[in-house]
Amino acid sequence: MTWTILIALPLIALAALFAIRPLRRAIVTRPLFAAYRRMLPQMSQTEKEALEAGSVWWEGELFHGRPDWNKLLAYPQPKLTAEEQSFLDNETAELCRLSDDWVSSHYDHDLSPQAWQYLKEKGFLGMIIPKKYGGLEFSAYAHSEVVTKLSTRCAATAVSVMVPNSLGPAELLLHYGTDEQKSHYLPRLARGLDIPCFALTSPWAGSDAASIPDQGIVCRGMWQGREVVGMRVTWDKRYITLAPVATVVGLAFRLFDPEHLLGETEDIGITCALVPAAHPGMETGRRHFPLNAAWHNGPTRGKDVFMPLDFIIGGPKMAGQGWRMLMECLAAGRSISLPASNTGMQKLAVRTVGGYARVRSQFKTAIGKFEGIQEPLARLGGNLYLCDAARVMTAGAIDLGEKPSVVSAIVKYHVTERARQAMNDGMDILGGKGICLGPSNFLGRAYQQVPVGITVEGANILTRSLIIFGQGAIRCHPYVLVEMQAAQKNDLVAFDKALFAHIGHTVGNGLRAFFTGLTGSNFVGVPAHVAPETRRYYQQLTRFSAAFAFLADVSMLVMGGDLKRKEKLSARMGDILSLMYLASAVLKRYETEGRQQADAPLMHWAIWDAMFKAQNAFEGVVSNFPSKFVSTLLRRTIFPLGRPYVVPSDRLGGQVADLLIAPSATRDRLTAGMYIPRDEDDAVGVIELALEATLAAEPIHAKLRAAQKAGKLEGRSAQDLESQALAHGVITSAEHALLVRARELTGEVIKVDDFPFDLGLQRSEPKPVAHRAAA
């Protein structure tokens, strides 16, 4: 009895210590609070604004450790209105027809005058602008669909439409502009009377855009015949898309008020202004030439250019609010533009390279049936299925009113990286056909220009190593931001509440990760209505979510503020979060599209690939953890019985490849929204026609082989065999004509272009016609 009391008393005291909150705060929390405040890294105002910008969406569920799959599946699938669908089917298709990537990039270095006029007249530059200002007022999903379709045809057209509808003057005006600014500029932007650009990047501040040296000084000056308080602005910007043709320039600079004309603050902060390109002192530099791209891009400069305070977007009251404005708008724009354009590029690659791999034969076999070719074909198909799922789901989030800053970074990074992989895989399959530029090369320009998407709107190295987890760890975690805010406000009560909820959260996720690892996650509950073939994926993702949440908390506890500088570990943590988001998008797509069994190989490949890579990212973090003891503890907790995932099987990859090399409803769903001309003079159109003819000719070729094996036919060339077969009645005249047609179309597909010795550089005559030499 005495021993029982002696043991029980300390336990009771300990329980009382934690149960009685005032006592807990005084004895436990207060010293922890003081230590936490000392450890908390200093945060600049721009860092704070970036962290607090936007909203938290599905990624928050994954960070919590117990994702609510019913919530994911309940998100409405974005749909086009009748007006939006008509615009996509008609106006967008017509703009594609007016666009020629080779002519634009090689000869004109611009869109054709007809294309420019058409996209202005039909409102392509005002898709995000409300109808009351003359815009189309399209949904984010419609915006994404339009950019995706244009990107399957011509990069210059897609970018010229994409930029005015992404981060730029229209987006900023809609959210922050004064009524006068909206009434003046939005109708002009909607009708294409003004072409906008936004100038942020400087030679001295690229990825570190918050450090822009461009500055404005508040001062007095003359404007329209009278003295007013304004700004004298000096800037030097580069890489500004559409700057060479822009009539109105959005400009970001740091504003100072040394004479205190606006108030007591001297360093007001980053400010965004809207300046007519014809304004005195505005200088548009010569064009950049980004990897043979035909869209306009170049520098803009100005020195001591006086402009009124009314040029500030939102008026004088928004002076110094520019970084917050940019971060909030970037989340929406980055969620749409680059995922759409790079998914479009992948659709182009899948449709054309898949068709080519069936039409092109070597060793009397279509190259798409070789296992060596099937491997990159499988990557092409599986990655496109995943990227399109993420594109659609994320655009749907924007239409729900979300501004998911972390998700925008995820889709920007992973879709552009997979587009790069797609271009590499496509070029590997095309071989010599791919490396010879010309009008019959359907992939060369996309291959050249894919690094542009990798670089813009946050370079991918930066996005992966600093932003996805660096921002997500604070923004998406259920307690970290609350703890930081409590520390900054010196609020002990709020900190105590968040801290102990955080401790319970961490312990719970650690136990859940260990238990689900021991049991193979077989006892994890998932919604009863999900497809049986996907049930295990939901269970394993729940396991990974708990493991990720536990790993994130342990990493922050062990490394504290140093985690910010452990960029490799941060990048791998970001990979885990990203891959869980992408896998979630795949599962949602499979359910939303009605569990198409023919599409199942694409879904399975995408999930296995994502989960295998997430598993490797876990291993990368754990193996490189600074504490070996903690590393061992983490490995035993997260993978107590070893790692469950391997690469997608060769058999599964072969099934995916087969879906790409023959016409089917699955192939059409995978490349839905692509512009596909039915024209044998078009590099894409001729592949479609040749594929159909090749498949129709295959049974006839089987007859020829049988007759040849039986000794009925002799001949060295295909033409000789076909003529003998016709003469001996082995095939009909209609079948013979089909064989000839298939051979002619295949010849057009595999031909490459050639040019005069000077490659047409001596342009005394307009646009020399390229000739195609037989392969």
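The values are calculated or read from the model by the stated rules, or taken from the named source; none is laboratory data. Bear in mind that the values here come from a model prediction, so they are computed numbers and not experimental data. Virtual Cβ from ideal backbone geometry, glycine too; neighbours counted across all protein chains shown. All accessible areas refer to the heavy atoms of the entire protein, side chains included, with ligands and DNA or RNA removed. Shrake-Rupley method; radii C 1.70, N 1.55, O 1.52, S 1.80 Å.
Scanning region 186-214 for residues that are over 27 Å from the mean Cα position of the chain (by Cα) and surrounded by fewer than 17 Cβ atoms within 10 Å (Cβ to Cβ), we see that the one that is modelled with the lowest pLDDT is P213. Just one residue in the set G401, G453, G372 is buried (at least 21 other Cβ atoms within 10 Å of the Cβ) and either more than 28 Å from C96 (Cβ to Cβ) or within 21 Å of the chain's Cα centre (by Cα) (or both); that residue is G453.
Scanning region 679-738 for residues being modelled with pLDDT under 85, of a type in the set (S, T, N, Q) and closer than 30 Å to V350 by Cα gives a total of 0.
Counting only residues that are of a type in the set (D, E) and surrounded by 19 or more Cβ atoms within 10 Å (Cβ to Cβ), region 217-243 holds 0 of them. Being among the acidic types (D, E) and open to solvent by less than 30 Å² (accessible area, probe 1.4 Å) is true for just one of E83, E145, E121, E94. Which residue is that? Only one candidate qualifies: E145. Please work out if A277 is under 30 Å from A446 (Cβ atoms), surrounded by 19 or more Cβ atoms within 10 Å (Cβ to Cβ), out of contact with any Gly (no Cβ under 8 Å at 6 or more places or on another chain) and among the small types (G, A, S). It is false that A277 is under 30 Å from A446 (Cβ atoms), surrounded by 19 or more Cβ atoms within 10 Å (Cβ to Cβ), out of contact with any Gly (no Cβ under 8 Å at 6 or more places or on another chain) and among the small types (G, A, S). The condition (being under 21 Å from Y645 (Cα atoms) and among the acidic types (D, E)) is satisfied by just one residue among E533, E483: E533. Per the conditions (1) open to solvent by 70 Å² or more (accessible area, probe 1.4 Å); (2) assigned to a helix (DSSP H, G or I); (3) at pLDDT 70 or above, the sole criterion not satisfied by P76 is (2).
Touching a Leu at 6+ places or on another chain (Cβ under 6 Å), surrounded by fewer than 21 Cβ atoms within 10 Å (Cβ to Cβ) and free of Cβ contacts under 8 Å to residues at least 60 places away in the same chain, is that true of A707? Considered against the rule, which asks whether it is touching a Leu at 6+ places or on another chain (Cβ under 6 Å), surrounded by fewer than 21 Cβ atoms within 10 Å (Cβ to Cβ) and free of Cβ contacts under 8 Å to residues at least 60 places away in the same chain, A707 comes out as yes.
Selection of region 150-185 for residues being open to solvent by 10 Å² or more (accessible area, probe 1.4 Å), among the hydroxyl-bearing types (S, T, Y) and part of a helix (DSSP H, G or I) yields S151, Y176, S183, Y185.
Evaluating A294 against the criteria (1) in a helix (DSSP H, G or I); (2) open to solvent by less than 10 Å² (accessible area, probe 1.4 Å); (3) of a type outside the set (V, I, T) leaves one unmet condition, (1). Which ones in region 308-353 are under 15 Å from F198 (Cα atoms), among the hydrophobic types (A, V, I, L, M, F, W, C) and open to solvent by 10 Å² or more (accessible area, probe 1.4 Å)? Within region 308-353, F311, W323, M327, L330 qualify. So which residues in region 226-262 are polar (S, T, N, Q) and part of a strand (DSSP E or B), if there are any at all? Once the filter is applied, which keeps residues that are polar (S, T, N, Q) and part of a strand (DSSP E or B), region 226-262 yields T234, T241. Scanning region 562-582 for residues being in contact with a Phe, Trp or Tyr (Cβ under 7 Å, 6 or more places away or on another chain), under 18 Å from L384 (Cα atoms) and aliphatic (A, V, I, L, M) gives a total of 1.
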